[in-house]
Amino acid sequence: MERNERDDTKVENDHDLEDDHGHRKKDKKEEQEEELSVERIFENQEVPSWRNQLTLRALVVSFVLSILFCVIVMKLNLTTGIIPSLNVSAGLLGFFFIKTWTKFLEKSGLLKQPFTRQENTVIQTCVVASSGIAFSGGFGSYLFGMSETVAKQLTEDSDAFKNPSLSWMIGFLFVVSFLGLFSAVPLRKVMIIDFKLTYPSGTATAHLINSFHTPAGAKLAKKQVRVLGKFFSFSFLWGFFQWFYTAGDGCGFAEFPSLGLKAHENKFFFDFSATYVGVGMICPYIINISVLLGGILSWGLMWPLIDTKKGDWYPADLKPGSLHGLQGYKVFIATALVLGDGLYNFFKVLSRTLAALFFQLRGRDATGALPVADRSSPETSRISYDEQRRTHLFLKDQIPTWFAVAGYVTIAAISTTTVPHIFPELKWYYILVIYIFAPALAFCNAYGCGLTDWSLASTYGTLAIFVIGAWAGGSHGGVLAGLAACGVMMNIVSTASDLSQDFKTGYLTLSSPRSMFVSQLIGTAMGCMISPCVFWLFFKAFKDLGTPGSQYPAPYATVFRNMAILGVEGFSSLPKNCLYLCYWFFGAAILINLIKDVLGKKRARFIPNPMAMAIPFYIGSYFAIDMCVGSLILFIWEKIDKAKADAFGPAVASGLICGDGIWTLPSSILALAGVKPPICMKFLSRRTNAKVDAFLGS
């Protein structure tokens with residue numbers, strides 16, 4: 001009995017010690033949270049109303065940066081189709097321009113409203129929305145795939161084309177680009193507050209903007225802008241210098257056979273592009289290695305081997321662009337890889353989305369978060385100060401659901417009436433069916449993007465190509481109908497995921513959902529005007545635009561058109577044994593993705609990406625070498641000084657991309673004005689050079 005009492009006392013004491021230890025642990029945790037709290041830093045700063053977040057100066061800066069970023073995205077679209085995330089560049093340049101302006105006004109005593117992180121978020125949202133239209137507008141894919149330039153390269157359905165025109169491109173984008181925004185609005189609370197989706201890019205951008213507006217972050221941002229400016233100037237001047245040596249075809253530094261003439265013939269050379277060195281510094285290492293591996297596999301092994309089968313597998317007298325020859329193998333095998341990778345990720349994200357929704361709805365009372373990997377269940381008993389403040393302000397400025405529904409229905413009605421006048425092949429009932437299913441697909445894409453940071457807009461567009469193209473049939477303009485349907489679908493699902501990312505950024509920077517929605521609307525409207533004008537400049541300035549082997553080959557325009565042909569005509573258009581190779585590569589893409597998922601994140605980073613591998617199959621791997629040089633520079637820099645590489649690497653890369661990208665504007669204007677470079681620098685073999693000398697001497 002006495003012993004039991006002592007034991008009970010010991011147990012009680014143990015419980016007291018545990019409670020005391022638990023309280024100390026809890027107090028310590030609260031102190032740590034207090035130290036790590038972002039909103040405590042900004043506690044004394046008043047949050048401007050949603051109207052005051054949308055300042056005139058922010059919109060002016062957004063317009064200027066939108067032109068810059070639309071030019072950059074257009075150049076990337078028309079060369080390789082690889083578009084890195086430009087959020088950091090947009091946030092950094094927006095901060096720099098407004099900070100410079102407000103500092104000048106402050107010294108003059110004219111500053112009425114200080115520069116806030118909410119205003120910075122508005123600029124970033126507006127710029128990314130605008131430059132996003134340069135991608136989803138299809139200028140390097142479905143829209144340019146309709147043109148006569150691309151159609152005449154192929155033997156099938158070469159008479160079915162619609163040449164670009166500024167009027168119909170702007171009209172088309174205005175009637176299809178806003179639907180995705182209205183479809184995402186009713187789900188903003190569910191996505192951000194209830195499901196607590198991470199949206200990695202949106203979260204990273206928010207942390208970046210928050211850091212800019214702290215004292216230490218502002219100092220670092222100034223240094224980053226200085227570095228960006230230096231490399232911007234270098235890149236711009238390097239592009240200008242190279243221009244002097246490009247007086248004819250095959251001239252200039254871009255044609256330098258750095259790995260030998262034979263390698264140059266097979267598209268293996270360093271073309272001195274500052275843009276793709278910068279892209280290589282931003283893209284993950286495995287993406288750059290994947291592109292290089294794809295180039296080695298295709299241009300180093302497969303195409304030379306298939307070329308030896310000329311006269312056996314395909315006729316020897318075909319035109320170089322015929323899909324019944326070597327070109328067919330290049331295009332359709334690349335398409336098979338893209339489809340395999342895209343469809344695998346589509347079903348993976350869809351299954352995760354459905355599973356997450358099921359668990360979320362099933363355990364709604366138990367937890368407010370999704371069962372996402374690497375995230376433990378949140379404590380429902382306590383809500384952090386940051387979360388309380390953010391949730392309160394996020395729910396304060398509501399956008400009425402009736403407004404979103406009315407907006408969607410109105411624009412859908414206008415679009416259903418208007419688009420068939422632009423594309424007679426795309427009947428009104430095809431568009432109506434797309435708009436009935438589009439909100440569900442937009443939700444899936446926005447939800448999946450929140451889980452994985454992966455937007456599958458191109459894959460949804462591809463599905464529209466096959467469904468609508470097959471429905472219309474070859475005799476009723478199925479190729480153009482499929483490509484136009486792709487545009488309708490891509491714009492809806494792409495803008496929906498973009499707005500959801502922006503809502504997450506706004507949530508973390510205390511920016512109003514209303515200001516995010518309005519800035520996205522304004523940015524989209526800017527993009528609908530700026531992007532077609534930038535493309536028109538390229539189209540008029542560079543006469544060989546879209547031609548294989550040219551400065552701007554627009555590879556995805558050919559790929560998308562061939563998908564439309566495949567959807568309409570089936571496999572009859574493929575050359576001998578091409579279908580078996582397509583099956584093999586389609587299966588290989590699925591298998592590679594499966595292996596990546598089975599191995600887990602730690603080992604999966606060493607497995608190549610099939611989508612990235614497919615890009616050089618058609619255009620060659622010259623840009624892959626540039627990207628790998630960028631990766632190598634960053635890798636060595638990280639080994640020497642990781643802290644500086646992490647802080648200034650994105651600024652260096654952005655400077656290289658922006659400088660070379662903006663040089664495209666003056667070079668296009670010079671081409672339109674008929675001003676030609678004075679020098680042609682060519683590289684010849686010794687034997688060819690001897691023949692040229694003998695000819696000139698005779």
*Which number in (1) in contact with a helix residue (DSSP H, G or I) (Cβ under 7 Å, 6 or more places away or on another chain); (2) surrounded by fewer than 22 Cβ atoms within 10 Å (Cβ to Cβ); (3) under 18 Å from Leu228 (Cα atoms) marks the one condition that Pro677 misses?*
(3)
_Some residue of the range 205-220 being under 27 Å from Pro439 (Cα atoms) and touching an Asp or Glu at 6+ places or on another chain (Cβ under 7 Å)_ = no
_Under 7 Å between Cβ atoms, which residue pairs at least 6 apart in sequence (or on different chains) link something in the range 226-245 that is assigned to a helix (DSSP H, G or I) with a partner that is at pLDDT below 90 and of a type in the set (Ser, Thr, Tyr)?_
Leu228/Ser654; Trp243/Ser667
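Residues are listed down the side, and each one gets a yes or a no for (1) surrounded by fewer than 22 Cβ atoms within 10 Å (Cβ to Cβ); (2) in a loop (DSSP other than H, G, I, E, B); (3) in contact with a Pro (Cβ under 8 Å, 6 or more places away or on another chain); (4) free of Cβ contacts under 8 Å to residues at least 40 places away in the same chain:
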residue: Ile67; (1), (2), (3), (4): yes, no, no, no
residue: Cys70; (1), (2), (3), (4): no, no, no, no
residue: Gly91; (1), (2), (3), (4): no, no, no, no
residue: Gln113; (1), (2), (3), (4): yes, yes, yes, no
*asked:* Going by what's in this entry, would Ala612 be described as small (Gly, Ala, Ser), in contact (Cβ under 8 Å) with a residue 60 or more places away in the chain and open to solvent by 30 Å² or more (accessible area, probe 1.4 Å)?
replied: no
_Checklist (1) aliphatic (A, V, I, L, M); (2) touching a Pro at 6+ places or on another chain (Cβ under 7 Å); (3) closer than 20 Å to Gln153 by Cβ applied to Ile592, failing item_ = (3)
*Can you find even one residue in the range 304-313 that is of a type in the set (A, V, I, L, M), farther than 30 Å from Met681 by Cα and touching a residue at least 12 places away in the same chain (Cβ under 8 Å)?*
yes
*In the set Pro575, Pro532, which member is over 18 Å from Ile619 (Cα atoms) and touching a strand residue (DSSP E or B) at 6+ places or on another chain (Cβ under 7 Å)?*
Pro575
*Could you run through the range 165-183 and say how many residues are under 19 Å from the mean Cα position of the chain (by Cα), of a type in the set (Gly, Ala, Ser) and not in a helix (DSSP H, G or I)?*
1
*Checking Ile82 against (1) at pLDDT 80 or above; (2) within 12 Å of the chain's Cα centre (by Cα), which test does it fail?*
(1)
_Criterion (in a loop (DSSP other than H, G, I, E, B) and among the basic types (Lys, Arg)) met by exactly one of Lys162, Lys103, Lys107_ = Lys162
_With the requirement that a residue be under 11 Å from Ser621 (Cβ atoms), β-branched (Val, Ile, Thr) and surrounded by fewer than 22 Cβ atoms within 10 Å (Cβ to Cβ), what does the range 288-306 give you?_
Ile296
*Right, Leu259: surrounded by fewer than 16 Cβ atoms within 10 Å (Cβ to Cβ) and either touching a residue at least 60 places away in the same chain (Cβ under 8 Å) or in contact with a helix residue (DSSP H, G or I) (Cβ under 9 Å, 6 or more places away or on another chain) (or both) or not?*
yes
*Of (1) modelled with pLDDT under 90; (2) open to solvent by less than 50 Å² (accessible area, probe 1.4 Å), Glu119 satisfies all except one. Which?*
(1)
*Enumerate the pairs (first residue in the range 482-503 and under 18 Å from Phe195 (Cβ atoms); second residue anywhere and open to solvent by 10 Å² or more (accessible area, probe 1.4 Å) and outside any helix (DSSP H, G or I)) with beta-carbon separation below 7 Å, excluding pairs fewer than 6 apart on the same chain, so at least 6 apart or on different chains.*
Ser497/Ser455
*Considering only residues of the range 42-65 that are surrounded by fewer than 17 Cβ atoms within 10 Å (Cβ to Cβ) and part of a loop (DSSP other than H, G, I, E, B), which is modelled with the highest pLDDT?*
Ser49
*Which residues, counting only those in the range 213-259, are modelled with pLDDT of 85 or more and hydroxyl-bearing (Ser, Thr, Tyr)?*
Ser233, Ser235, Tyr245, Thr246
*Which residues, counting only those in the range 273-318, are under 27 Å from Cys582 (Cβ atoms), within 29 Å of the chain's Cα centre (by Cα) and among the polar types (S, T, N, Q)?*
Asn288, Ser290, Ser298
*Which ones in the range 165-201 are of a type in the set (Gly, Ala, Ser) and modelled with pLDDT of 80 or more?*
Ser165, Ser167, Gly171, Ser177, Gly180, Ser183, Ala184
*Tally the residues that are open to solvent by less than 10 Å² (accessible area, probe 1.4 Å) and either among the small types (Gly, Ala, Ser) or part of a helix (DSSP H, G or I) (or both), restricting the search to the range 142-157.*
7
*Do we have Asp271 as of a type in the set (Asp, Glu), without any contact (Cβ under 8 Å) to a residue 40 or more places away in the chain and either open to solvent by 50 Å² or more (accessible area, probe 1.4 Å) or in a loop (DSSP other than H, G, I, E, B) (or both) here?*
no
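Per-residue answers, yes or no, for (1) closer than 30 Å to Thr100 by Cβ; (2) open to solvent by 40 Å² or more (accessible area, probe 1.4 Å):
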| site | (1), (2) |
| --- | --- |
| Asn163 | no, yes |
| Leu166 | no, yes |
| Leu181 | no, no |
| Ala184 | no, no |
| Gly202 | yes, no |
| Trp238 | yes, yes |
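The values are calculated or read from the model by the stated rules, or taken from the named source; none is laboratory data. Values in this document were obtained by computation on a predicted structure and should not be read as measured data. Reconstructed Cβ throughout: ideal geometry from the backbone, glycine too, with neighbour counts over all protein chains shown. Just so you know, the surface numbers come from the protein's heavy atoms only, side chains and all, with ligands and any DNA or RNA stripped out. Shrake-Rupley method; radii C 1.70, N 1.55, O 1.52, S 1.80 Å.
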